[in-house]
């Protein structure tokens with residue numbers, strides 16, 4: 001039924017109460033068989049309330065939320081489902097202040113909910129290297145110097161001084177990977193590219209010195225942005241990854257306004273997860289995130 005959901009209104013029609021949400025969580029989480037979140041045992045007893053279960057091996061009683069990002073939440077699952085719809089279907093994400101108003105919860109609760117959902121959408125270990133033609137580029141994330149308090153100004157903006165560095169690698173018509181990196185050295189940039197891109201693949205970059213040396217392992221082409229060159233021979237360009245940066249900046253500047261360096265990787269994971277599912281239907285995106293909810297994130301760990 002969730003495959004037919006195309007709007008928030010339809011989502012509430014499919015999941016009108018808490019029990020319907022619990023039943024859907026069970027169908028997703030136990031698709032390959034029932035298991036205990038405490039000991040992984042598969043002898044599970046069901047109670048008549050249809051909300052709690054008991055393991056026949058470790059004897060622990062639990063709900064379907066234990067061991068997931070929903071564990072210990074006091075917010076109804078229906079509101080969580082609405083939050084999942086918002087974060088997976090708004091191209092630029094959603095601000096915690098907006099979600100708080102829409103769900104009638106506090107801004108602090110909305111902020112924590114969104115970070116738990118970003119935790120679910122975090123970048124998993126990659127199964128296969130990117131192939132074919134791949135674009136790689138860096139961008140800087142951070143406010144303009146003139147808009148900062150005097151004590152926060154670093155003096156100068158050349159080279160992204162005082163800003164965070166994000167590296168993006170995009171397979172044309174394929175997968176996007178992003179990473180918050182510490183510097184633009186050859187060791188960092190080339191090391192990350194070689195880790196994610198198959199040897200011998202074609203890599204397009206700008207003239208950044210950190211990418212020089214990729215010819216040792218890849219077919220490397222560059223465009224000279226500083227000289228006004230953006231496309232050469234129709235195919236040599238980094239326009240794809242540049243459009244990703246435009247999307248990221250709209251998400252940060254237009255929706256969140258400011259992102260701390262500490263949590264930047266979580267926002268990158270959210271944007272990357274959504275971008276890589278841009279061609280999926282609404283219901284498929286929803287279920288994809290439901291399948292990623294294993295693993296708890298506590299508030300203490302988030303703010304540590």
**Item:** Flag for residue 117 being in contact (Cβ under 8 Å) with a residue 12 or more places away in the chain, surrounded by 21 or more Cβ atoms within 10 Å (Cβ to Cβ) and within 17 Å of the chain's Cα centre (by Cα)
**Value:** yes
Of those in region 159-194 that are farther than 21 Å from residue 142 by Cβ and assigned to a helix (DSSP H, G or I), the residue nearest to the chain's Cα centre (by Cα) is 193
Residue hits (region 126-158; modelled with pLDDT under 65 and assigned to a strand (DSSP E or B)) are none
Of the candidates 36, 21, 58, the one satisfying the condition of being touching a strand residue (DSSP E or B) at 6+ places or on another chain (Cβ under 8 Å), at pLDDT 95 or above and either outside any loop (DSSP other than H, G, I, E, B) or surrounded by 12 or more Cβ atoms within 10 Å (Cβ to Cβ) (or both) is 36
Here the residues within region 231-271 that are surrounded by 14 or more Cβ atoms within 10 Å (Cβ to Cβ), at pLDDT below 95 and in a loop (DSSP other than H, G, I, E, B) are 259
If you go through 135, 71, the only one that is touching a residue at least 24 places away in the same chain (Cβ under 8 Å) and closer than 30 Å to residue 215 by Cα is 135
Considering region 187-211, residues that are surrounded by fewer than 15 Cβ atoms within 10 Å (Cβ to Cβ) and touching a helix residue (DSSP H, G or I) at 6+ places or on another chain (Cβ under 9 Å), and then whichever is farthest from residue 262 (Cα to Cα), we arrive at 207
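The values are calculated or read from the model by the stated rules, or taken from the named source; none is laboratory data. This one's a predicted model, so the numbers in the text were calculated from it and none came from an experiment. FYI the Cβ positions are ideal-geometry reconstructions off the backbone, even for glycines, and counts take in every protein chain you see.
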